[in-house]
Structure formats: structure tokens, C-alpha cells
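Participant: Please read through the structure below; I'll follow up with questions.
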Amino acid sequence: MSANVAQRKAHWVLAGLLLGQVVMMSYFARHPDSEQSVLRTWLMTPLSAVTQVADGIISTVTGWIAGYTDLRGARQENIELRERVEQLTGENNSLREKEAEYKVLRTQIALPQLASYTQIAANVVSRNPSLWFKRLIIDRGTADGVKLDMPVATGAGIVGRVIAVGPNFSTVQLITDKYAGAGAMLQNSREPGEVRGLGDEPYCELRSIPSTSVVEVGESVVTTGYDRIYPKGLLIGTVERLEPDPTATWHKIIIKPAAPVDRVEHVFVLLVEKKDLQVEELNR
Amino acid sequence: MQTFKIALTIFFALLLQMLLPNYLAFFKYIDLPLLVTVYFGLQRAPLLAMLVGVFAGIGGDAIMGGIPGVGGFSKTLIGYLVAIASIKLSLENPFARLAVVAVASAANTVLFAGLYLMLRQEHLAESVLPYATSLADFGKTIGWKALADTSTAILLFVALDRVFSEQAAARRMAIKRRFYE
């Protein structure tokens, strides 16, 4: 390209250089609310909106088809569910009674009341089936009050935590992600440890439990609240198996998450912040 | 050789920009990478001015700890606009060149702050652009920066004219050609 031709095409070069630098600056700039790159926020905000619409259409269509096929066994299932509702209502009443007693007892022995948190429902609009990361994208963001590090759960147990937030979406790191962790304890023995994701399989590992502790397969594992992300007492999962190693100081305990993290479609975001958990920690 | 000299000029501009504000507080009002960009813009070579703007700008972002690309964007654009203006208008007069520096300095400050605002990084803008916390202060900053950049340009352009004497000669030829045409 001769110098004259280059000069004549200078405006195209200018456009290319400016565009390159816009991409560069928006990649490096961190959004103040979410601490993720502005480029990602700019890209994800419209993409997330489109994904939500597409997810809505697909869910409606698959819902119609599933609704039709499900009708065949609906009568029998309805009877079974009614029985189940009866049973659960009884259990619920019993637990409410126990909760009331528990609150009274806490007051009597001068323990502060545990904080309660509001939660919002969210739909999973996308999954990130990367080899390295296990993440979900949900349709709630800063506009709904979601902030970084807020816990995400289902009725069954915790799913993970929010690691990036946009105006209308959030990225959730699953508890099975190999970089995920949570303060945890065995529900029966109250032995505290740490849950880590295994990444390549839908399980977690409970670490730092001394090999002298008695651990039973099927025992529940709950959060301790010490990580300042997950409030105390949330169910993580159950002990799936213990991998024996007589020479090890610690148990190698494999946990099966209580929430179906690999196929979850609806979740709750617990609107709890680190500062709330710090208060709870201080009270404790 | 010419390319090497240009690269060395950018390097020294960045080096001085990094060093001098530690010793002379007022030096933070001076933007040497911008002045180098404007100087090459005045050589009537848009491509060269843009490339100098890219390297000087991104280098400036790196040493100031700002977001890479913000200074590069503003200096690339300013380099291009100065080069186009110098082709279309008569900017060979020393006073015209200083006026270009003042306008370029103000435009650079506005672009710079605007880009930081657009990226919602006001906190960073305050650290890389001194005393820009309110609109009135920002106006004063533009004024002081334009004054500081223009004053520095008087000396810097003389020095650069000596270093790039061939380009200065070419510019003088352009003045004569324009005069006789």
C-alpha cells in the first residue's frame, strides 16, 4: 500500500483503531456495581434479554407438549400429590411448633435471634457447560436487588453464589464448580469443615474432617455461616461415600448436593449481604 | 531511522510524564504524550499522527494507572483531527500551532473525562485527572491544562523541530508552496 493510498484510507484506519480501543477500554473497565468488565455487561445485557424471551417461548412450547403427555397419568398423580400435601402439611405444622419452641428457648438462654432473609425467585436462562467452570445465568440482576456473593438456592438446598451481576442477569457459580467453596458441617456430629466442588463431576468434597470423627453415609451436611456468604443452617447435601485412606489425617468425604444443580430450572436468590452475616457472626 | 526516532520520542515523553510529576507538582497538568501526538498531527500525516496517538495514549494509560484505551482513544482521534486540520487549514504559523495545542488539550480533557464517565469510572477519573470533582472545577482544570500544555509546547515543539529537522523542512516547503499557489 503506497503512502498516498494509506493516507486516503486514513479514516478507515481511524475507525479500526478507535473501535479496537473501545473494545480494550470496555474490557478492562470494571462495572462499579458488579465488578465485572463493562464489555461483558454491554454484551450480556441485550443477550440476556434475548435469551429470556427465547427461554420463555421454548418453555411455553415444551410446557404445552409436556402438559399434554402428562395428562395421561394426571389423575393418579393428583391423588398421590394430595396425599403428599396432607402429609407435608402435618409435618409443616409440627415443625412450626418446634420452631416456636426453639425461639422461646433461644430467648430464655439469652441467645440472639437468627436473622431471616428475603429471597427472590429466578429462572435459569442459560448454562455455561464449560469444561472448567460450572455456572448458570439467571434472569435477575442489580435491578432486582441482587448483589455479588449472594447465595442462590432451591427448596432442596444451596446451588451456589452470585459471582457477576448485570442489570437484568446474574452469573451463578455452582457449588460443584472446582473453584467453589463453602463453610460446612456435618449435621449430626456438628464437625465443621469445608465443602469444595469437584468440577468434573456433580459432587462436592467435604474437607478438614478429622479421620477420628464418625461420619455416616447419608448424613446431611449444612452450612456453618463462617464463610460470610451462606447463612448458617442451609442444606448443602448428603454424604454419598467415604473414600478410605487409613494413613490420612482427614476423611475424604464425597457429598451429593441436595439441589439438582446440573438440571435446576428455578432458583431463589437470598438477598443477604456479607455485612448481615458479619452481624450474625458477632452475635454468635 | 525516522521510525526509531519517533518511537524514542514517545518513549521519552512517557518517561518524563512518569517521572516529573513526582518532583514538580504542576507537571501533572501537562500531557507530554498529547503534545507529541499534536506535533506529529501538525506534520500533515494522518496515519503517522494516529499511530503516535495510539502508542502515546495507551502508554500514558499504562503509566497513569487508568483504563487502557481511554487515553489511546482520545489521542488517536485528536492526532487524526489535527492532521486533517493541518492539511485543510494553514496551521504552519507558530501561533496557529499553539492555538491548536490549546484546543487539542481541552478536547483531550473533555474526551478523557467523558469516556471515564461513560464507563462509570468516575473514581478513576478523579485520580488520573486532578481536581475534577465538580463542573466548575472541571472547567478550571480544562483551562489550567490548556495553559500548561500550550506553554510546554512552545519549548517542546522547538526541540522536536530540531530532532525532526527533515519534517520541519518539509513543513516549511509546504508553507512556500501554499504561498506561491
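Participant: Grab the eigenvalues of the alpha-carbon gyration tensor for the range A:129-246, scale each by 5, take roots, and send me the semi-axes largest first in whole angstrom.
Facilitator: Whole-Å semi-axes of the equivalent ellipsoid: 28, 15, 10.
Participant: Mind jotting down the distance between the C-alpha centroids of the range A:170-242 and the range B:47-108, whole Å?
Facilitator: Using only Cα atoms to place each centre, the spacing works out to 57 Å.
Participant: Right, something else. Cut-off under 26 Å on the C-alpha distance; same-chain residues fewer than 8 positions from B:Lys28 excluded. Which lysines are left, in chain and number order?
Facilitator: By straight Cα distance, B:Lys28 reaches B:Lys5, B:Lys75, B:Lys140, B:Lys145.
Participant: Give the average, rounded to an integer, of partner chain Cβ atoms located within 10 angstrom of each Cβ in B:67-75.
Facilitator: 6
Participant: Which cross-chain or sequence-distant (5 or more) residues have an amide H under 5 Å from the amide H of A:Phe169, H modelled 1.01 Å from N in plane?
Facilitator: A:Gly141, A:Thr142
Participant: List the lysines whose Cα lies under 24 Å from the Cα of A:Lys252, skipping any in the same chain that are fewer than 8 positions away.
Facilitator: A:Lys134, A:Lys178, A:Lys232
Participant: Could you work out how much longer the chain between A:Val23 and A:His266 gets when fully extended? Use 0.36 nm per residue separation minus the Cα distance between them, nm to one decimal.
Facilitator: Separation in residues times 0.36 nm, less the Cα-Cα distance, equals 84.1 nm.
Just so you know, all these numbers are worked out from the coordinates, no wet-lab data involved. What you see is a predicted model; the values in this text were computed from it and never measured. Positions of Cβ are generated from backbone atoms using ideal geometry, with glycine treated the same way; all protein chains shown enter the neighbour counts.
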